[in-house]
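Take a look at the structure set out below.
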Amino acid sequence: MRSLTHTLASLWITSALAACGGSQPEAKEPAPTEEEHAKKEAAPREHEGSADSTGKKDGAKDGAEPASGSSSGAPEQKSLRSAKDTLTGEGVFFEFSFNASEVHQAAQKKCDEKAGDDPKKKAECMAKASKQYDADGIAFRPDEEGKIFWLTIRRSGPKMVPIHKIQVEFTDEADKSVTLKPVGRDQGTQPMGRIPDKVSVEVPTETEIVVNDSKLGKLVYTAKLGLFGKGER
């Protein structure tokens, strides 16, 4: 009897245990190791770095500076016209610029000493100084035989009067300069007494030239079109 009672008690205890929690708990994933955790943290950072790098490359293409020195990226173009071509351009008249020439600086110094602080006297002095240069400009024109003449021009109403007319040869021509060598006599309306052996002319641009006068220094002239007729000599 005791044996039966013990057996029934054991069966009851076993059933109770099975009902309360006899089923096995669900398996959990093992916790990641420190190495695996570090790899997961690094993966998003590498992706972001790749995206930033790509963006920078694209941006570098869009905002890249041109290889050449010019802002447009195109190489600076050298003028195809020689110094001689600039001087002998069809219909070009080079107008004398008193204010840009060295004679203006010399006159200004002289008038400052003479007029002092009187602006009216200084203005009158400078006006008188500018009138000492009887020529309005110069031009270079070929004759019927193709010989080039250096014309010193004075305006008389609509007419352009050549007060000096001297044949010249072009020598020592460089990129932005040329030397004029006079040939023969002055055929102008007011022939000069002594003709220089040679005169150097700077041609910094196609619109400006500088004649180096042995006495007056640098004389600046600016190019004008339409003031001198094509067939006029």
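Values in this text are rule-based calculations from the coordinates and carry no lab data. Keep in mind that what you see is a predicted model, and the values were worked out from it rather than measured. Please note: Cβ atoms are built from the backbone with ideal geometry, for glycine as well, and neighbour counts cover all protein chains shown.
Picking from residues in the stretch 138-173 that are touching a helix residue (DSSP H, G or I) at 6+ places or on another chain (Cβ under 7 Å) and surrounded by fewer than 19 Cβ atoms within 10 Å (Cβ to Cβ), the one that is nearest to R81 (Cα to Cα) is E173.
Can K215 be described as of a type in the set (D, E, K, R) and surrounded by 13 or more Cβ atoms within 10 Å (Cβ to Cβ)? Quick ask: steps written out before the conclusion?
Working: of a type in the set (D, E, K, R): yes; surrounded by 13 or more Cβ atoms within 10 Å (Cβ to Cβ): no.
When the stated conditions are applied, K215 does not pass them.
Looking at the structure I just gave you, is D117 over 19 Å from K198 (Cα atoms) and in contact with a strand residue (DSSP E or B) (Cβ under 8 Å, 6 or more places away or on another chain)? For D117, the condition - over 19 Å from K198 (Cα atoms) and in contact with a strand residue (DSSP E or B) (Cβ under 8 Å, 6 or more places away or on another chain) - is not met.
Filter the stretch 174-195 down to residues that are basic (K, R) and surrounded by 13 or more Cβ atoms within 10 Å (Cβ to Cβ) and give me whichever is farthest from I148 (Cα to Cα). Let's see the steps before the verdict.
Step one: of the stretch 174-195, the residues basic (K, R) are 176, 181, 185, 194.
Checking which are surrounded by 13 or more Cβ atoms within 10 Å (Cβ to Cβ) leaves us with 176, 181.
Numbers: K176: 19, K181: 11 Å.
So, considering only residues that are basic (K, R) and surrounded by 13 or more Cβ atoms within 10 Å (Cβ to Cβ), the one farthest from I148 (Cα to Cα) is K176.
Evaluated against (1) buried (at least 17 other Cβ atoms within 10 Å of the Cβ); (2) out of contact with any Ser or Thr (no Cβ under 7 Å at 6 or more places or on another chain); (3) of a type in the set (V, I, T), T205 falls short on exactly one condition, (1).
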